[in-house]
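A.B. asks: Below is a structure I'd like to ask you about.
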Amino acid sequence: MTDILIIGGGVIGLATAIALSQKGANVTIVERGNCGKGATWAAAGMLAPEAEKLEGSLLEFGLRSREMYPKWIANLMRLSGQDCGYWCCGIIAPVLSESDCLALSQHPKYINKSQSHQYQSGLGESILGSLWLPEDGQVNNRKLAQALIAAARSLSIKILEGVTVYEIARDRDRVTHLETSAGRLQSDHYILATGAWTRSLLPLPINPIKGQMLSVFDRDRKLQRVIYAPSCYIVPRQDGSIVIGATVEDRGFAEGNTAAGIAQLLNNAISVYPAIADMPITETWWGFRPHAPSEVPLLGASDYKNLILATGHYRNGILFAPITAKLLTDFIVDGKTDPSFQFLKR
Ligand code: FAD
Ligand code: GLY
């Protein structure tokens, strides 16, 4: 049985661990804090390759992963016994200017103002039309994280929490071991799934891009679609909570919410969905997206024969988790690579 050690217990590390374990590998996750509490916890959980305007092979990657979601979630629910808040609610992407309406009027998914109001009542007057993206949707990323952890435990994946990896020790073209706060750890293969913090272990071009978020509570639960506006998105959960995001800030690991960040999100959200003005604020938080050059994740082979990269998922790591886990498992266990994805490193 192949021994695999995964550094990082976010959605990418956990999803990959489960896929590998279900193919017979013996997997350990090393996580310096608690699993699922990095960007995975901070996210909005949108499954939105279309609303996010992915292009080229990254769009293909996102569409394939979105397609995989129903079966992937069913497997997780079976293993964990937990619900993940997966909801094919569709996304409305509002258009706010006459010129954009004109430019998009021939788009097959364009709907005019009155159709937009039929798909979702209570939209703001600033919305002149929209794209209706019925196949985009959402998962409750916090529930997903909990289900992933429970599923991993059900498969006897070893999870070492509170253990920081300080160094990936190398000899020529191989990793020899990890230096960690719990001593040396050794394995046949290693997977680097450290999200925005990847650079602290290897000189890879991953940078943190901060996103501030907040949530409000909607007693009436009238919002039934995700609204993905140009300057904010609004994600209703099935329990009445509404997640509003997100700023995009290039300022390193600067922690905390700011008045300006939250004010900007609230002003924009209220203009596209005015009922938010009267809803109580329930939480504010922030997270760090792992940005990679051209927004393309670093996946597959590294300069070291027994080290695999699984990082840089930037704005779409929740969406990309199922396909990332599958491609890496095919690569590690069966030595297969999918030619559709040129960016997969071999
Ligand atoms: P993380 O979840 O950050 O996990 C990395 C883990 O590695 C962390 O737990 C960390 O503690 C651990 N780690 C790091 N260094 C070490 C070390 N040296 N030793 C041990 N452990 C270590 N994506 C979507 O698909 N849809 C969305 O709607 C969406 N919204 C987002 C909104 C915001 C505000 C943010 C910040 C992100 C959003 N994303 C979204 C992006 C998504 O959250 C990320 O792409 C995804 O979570 C990345 O997963 P990960 O496992 O690589 O990283
Ligand atoms: N995908 C949404 C965000 O990163 O803010």
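A.B. asks: Please list the equivalent ellipsoid semi-axes of the range 287-338, computed as the square roots of five times the alpha-carbon gyration tensor eigenvalues, in descending order and whole angstrom.
C.D. replies: Numbers: eigenvalues 83, 35, 13 Å².
Calculated on Cα positions only, the semi-axes equal 20, 13, 8 Å.
A.B. asks: Further question on the same structure: Can you tell me the order of 18-24, 107-113, 8-14 when each peptide is scored by its average per-residue count of other Cβ atoms within 10 angstrom, highest first? Write out the running numbers ahead of the final one.
C.D. replies: Working: 18-24: 18.7, 107-113: 13.6, 8-14: 30.9.
Listed from highest to lowest mean packing, they are 8-14, 18-24, 107-113.
A.B. asks: Any idea of the accessible area per residue across the range 226-292, 1.4 Å probe, to the nearest Å²?
C.D. replies: Details: 2870 Å² over 67 residues.
Result: 43 Å² of accessible area for each residue.
A.B. asks: Shifting gears a bit: Under a Cβ-Cβ cut-off of 13 Å, what is the net charge of the residues other than LYS158 that fall near it, where Lys and Arg count +1 and Asp and Glu count -1? Intermediate values should be presented prior to the final figure.
C.D. replies: On the way: positive: ARG153; negative: ASP3, GLU31, GLU161.
Summing Lys and Arg as +1 and Asp and Glu as -1 gives -2.
A.B. asks: Please report, in cubic angstrom per residue, the volume enclosed by the convex hull of the alpha-carbon atoms of the range 227-346.
C.D. replies: Once divided by residue count, the hull of the range 227-346 is 154 Å³.
A.B. asks: Quantify, in whole percent, the carbon and sulfur part of the accessible surface of the range 257-346 (1.4 Å probe; protein heavy atoms only).
C.D. replies: Details: 1970 of 3690 Å².
Carbon and sulfur atoms account for 53 percent of the accessible area of the range 257-346.
A.B. asks: While we're looking at this one, here's another question. Output the Kirkwood hydrodynamic radius of the range 230-285, Cα pairs only, in Å rounded to one decimal.
C.D. replies: Working: mean 1/r = 0.0818 Å⁻¹.
About 12.2 Å, per the Kirkwood formula over Cα pairs.
A.B. asks: On to the next question. Nearest 10 degrees, 0 to 90: what angle lies between the long axis of helix 141-154 and the longest principal axis of the chain (Cα atoms)?
C.D. replies: Once rounded, the angle reads 30 degrees.
A.B. asks: Moving on. Can you give the Rg and Dmax of the range 131-244 based on its C-alpha atoms, in angstrom?
C.D. replies: So, for the range 131-244, Rg and Dmax equal 20.0, 61 Å respectively.
A.B. asks: List every residue whose amide H lies under 5 Å from the amide H of ILE29, counting only residues 5 or more places away in sequence or on a different chain, with H placed 1.01 Å from N in the peptide plane.
C.D. replies: Amide H neighbours of ILE29, under 5 Å, 5+ apart: ILE6, LYS158, ILE159, LEU160.
A.B. asks: In whole Hz, what ³J(HN,Hα) sequence does the range 303-318 give by Karplus (6.51, -1.76, 1.60; θ = phi - 60°), x for Gly and Pro?
C.D. replies: 6, 10, 4, 10, 10, 10, 9, 8, 8, x, 7, 6, 7, 9, x, 5
A.B. asks: Considering Cα pairs under 8 angstrom that are at least six residues apart, work out the relative contact order of the chain and quote it in whole percent. Show your work: numbers first, answer last.
C.D. replies: Working: 780 pairs, mean separation 84.5, N = 346.
Result for the chain is 24 percent.
A.B. asks: So, one more: At a 10 angstrom cut-off on C-beta neighbours, averaged per residue, how do the peptides 131-141, 116-126 rank from highest to lowest? Can you show the working numbers first?
C.D. replies: Details: 131-141: 21.4, 116-126: 15.6.
In descending order of packing, they fall as 131-141, 116-126.
A.B. asks: Quote the convex hull volume per residue of the range 1-124, based on C-alpha atoms, as a whole number of Å³.
C.D. replies: Values: hull volume 20.4 nm³, N = 124.
Dividing the Cα hull volume of the range 1-124 by its residue count gives 164 Å³.
A.B. asks: Whole percent per 20 Å bin, from 0 to the bin with the longest distance: what is P(r) over all C-alpha pairs of the chain?
C.D. replies: Distribution as computed: 31, 56, 13, 0 percent.
A.B. asks: What do you get for Rg/Rh of the range 200-297 when both radii come from the Cα atoms and Rh is the Kirkwood radius?
C.D. replies: For the range 200-297, the value is 1.04.
A.B. asks: May I pose another question? Just name one of LEU76, GLY211, GLN264: the one whose Cα is farthest towards the positive end of the charge dipole of the chain (beta-carbon charges, Lys/Arg +1, Asp/Glu -1).
C.D. replies: Working it through, the farthest residue towards the positive pole turns out to be LEU76.
A.B. asks: Follow-up. Over the range 46-183, one equal point on each Cα, no solvent: what is log10 I(q)/I(0) by the Debye formula at q = 0.10, 0.13, 0.17, 0.18 Å⁻¹?
C.D. replies: -0.57, -0.78, -1.00, -1.05
A.B. asks: Helix 56-80 versus the longest principal axis of the chain: what angle, 0 to 90°, nearest 10, using Cα atoms?
C.D. replies: Roughly 80 degrees, rounded to the nearest 10.
A.B. asks: Once the Cα atoms of helix 259-272 and of the chain are each reduced to a long axis, what angle between those two axes, in degrees from 0 to 90 to the nearest 10, is obtained?
C.D. replies: 50
The values are calculated or read from the model by the stated rules, or taken from the named source; none is laboratory data. This one's a predicted model, so the numbers in the text were calculated from it and none came from an experiment. Reconstructed Cβ throughout: ideal geometry from the backbone, glycine too, with neighbour counts over all protein chains shown. The accessibility values were calculated without ligands, DNA or RNA, using every heavy atom of the protein model including side chains. Shrake-Rupley method; radii C 1.70, N 1.55, O 1.52, S 1.80 Å.
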